[in-house]
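What follows draws every value from the coordinates through simple rules; no lab data is involved. What you are looking at is a predicted structure, and each value in this text was computed from that prediction instead of being measured. All Cβ positions, glycine included, derive from the backbone under ideal geometry; neighbour counts span all protein chains shown.
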Amino acid sequence: MSKKTIHPAKVIAGGVMPPGDKSISHRYAMLAGIAEGTTEMANFALAADCHSTLGCMKSLGAEVKVEKDVVRVTGHGLRGLKSSWRSLDAGNSGTTIRLLSGILAGQNFTTKIAGDDSLNKRPMKRILTPLREMGAQIKAREDNFAPLEIHGGKLRGIHYEMPMASAQVKSAVLLAGLFADGETSLTEPARTRDHTEIALEEFGAPIERHARTIHIRAKGEIKLTGRKVEVPGDLSSAVFFIAAASLFPESSLHIQAVGLNPTRTAILDVLSRMGASIQILSLRSAQGEIIGDIAVKGAQLKGGVIEGAEIPLVIDELPMLAALGPFTEEGIEIRNAAELRVKESDRIRALAENLRRMGAMVEERPDGLKVAGRNAGKTHGAEIEPHGDHRIAMAFAVAALGAEGATTIRDAECAGVSYPTFYEDLARVSE
């Protein structure tokens, strides 16, 4: 198990290009595998999670070629997948298992899919319910956990009122809708990231959107077509660098080619509200996704409360926001975020535990936590236990830059799940 020692910094300066967006890479890889012809994906995420998706698509008969961050996937149409002789391995990736289950539900064969110990403890009932309503036959451990055994077959279109805001559940239903008879539609209780809808449209699926209701209309056989696509830089990865630069008054950082989809940029609104100095530069569009550069300068962060409808829009960035708490004027309070307990780790517990190790005052709650601000005292270096969670490891590597003394991140390589070169990039811009 590797350890990484992080020393305090005085300033963050220079430039960084975050890796390809994980969410978009997953979706492009899956759609490429059920499209006709070859899809070439530039800036495909190097993250282990996305390579779990590529491995699954390869096991299902798609042709996959990887050359650094350019990936080519050749599919043979919606009905072109083949049964895998072994169980599919989703690794640590909830996106892989949940979204791919929607595709597998419509196949004419049976598939087993599971992941690592962490993934096999994450709840799957949320996708099982709508997929079963569409006619899928799926077995799960304790009717909620992987391994899943999916008996693919004929699906019927439904309208699904989502009980919770979840881009993964929405995506599983829409992907199953590609194979269903008639129209599939769903209504989400709050807006979530819309990369699946954009990607489906780009590959040729008949998608309609009206407010928070999305329709996929299967008028006869849907045909998806392979194409050239560019994956934007991952905003969730860029957030660690925005946070780092915000810690030091003299910082000046340029973050290049970041995805700025409006369903993802709520985190920039939250950080700006807290006092961060963020400027968006040079916007352009690629396959329906918005890409731009971000300039960040040092700031005095106020802190504040994150709650309610904002939570699903910043769920991945909450660990970084919480870890910033001790460096803000008012502290950080996170409410209505019980979902954090069923991520790659129990993130509420992991955040509270590690913040306390660094000397911060933390109140842990069932659905969030309250972290005292800088008036409660300075943070100090500590040994951090990320519990195998990439976002916990990276959040505390950033917090370590502002602490007194060295910090050691245990199991540091878990950051590679989403950002293999994170520590090198952070060291390069830290002075």
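Listed by Cβ neighbour count within 10 Å, with the fewest neighbours leading, Arg132, Arg126 appear as Arg132, Arg126. Length available on full extension from Glu353 to Val66: 0.36 nm per residue minus the Cα-Cα distance, which gives 99.4 nm.
Counting only Cβ charges, +1 for Lys and Arg and -1 for Asp and Glu, the dipole size of the range 22-230 around its Cα centre is about 220 debye. Remark: spin-label model distance Lys3-Val305 equals 4.1 nm, labels positioned 7 Å along the Cα→Cβ axis. Can you list the residues of the range 7-23 with backbone N under 20 Å from a point 7 Å past the Cα of Thr421, pointing along Cα to Cβ? So the set is 12-23. Against the chain, whose longest principal axis comes from its Cα atoms, helix 347-357 is set at around 20 degrees. Summing Lys, Arg as +1 and Asp, Glu as -1, what charge do residues with Cβ under 9 Å from the Cβ of Glu344 carry, Glu344 excluded? Neighbourhood net charge equals +3. Its Cα centre serving as origin, the range 221-295 has a Cβ charge dipole (Lys and Arg +1, Asp and Glu -1) of approximately 200 debye.
Work out how much length Ala295 to Ser87 would gain on full extension: take 0.36 nm times their residue separation and subtract the Cα-Cα distance, in nm to one decimal.
Numbers: separation 208, 0.36 × 208 = 74.88 nm, distance 4.47 nm.
That works out to 70.4 nm of additional length.
Here the label points at Met361 and Asp181, each 7 Å from Cα along the C-beta direction, are separated by 6.4 nm in the simple model.
Computed over neighbours whose Cβ is under 12 Å from that of Arg273, the net charge equals -2, Lys and Arg +1, Asp and Glu -1.
How high is the FRET efficiency from Lys223 to Glu201, r the C-beta distance, R0 22 Å, rounded to 0.05? Once the sixth-power term is evaluated, E becomes 0.95. Here the simple spin-label model places points 7 Å from the Cα toward Cβ, and for Asn336 and Thr129 these points are separated by 1.8 nm.
Under the 0.36 nm per residue contour assumption, what length would be gained going from the current alpha-carbon distance of Gln279 and Phe109 to full extension?
Result: 56.2 nm gained on full extension.
Across the chain, the relative contact order, built from alpha-carbon pairs under 8 Å that are at least six residues apart, equals 19 percent.
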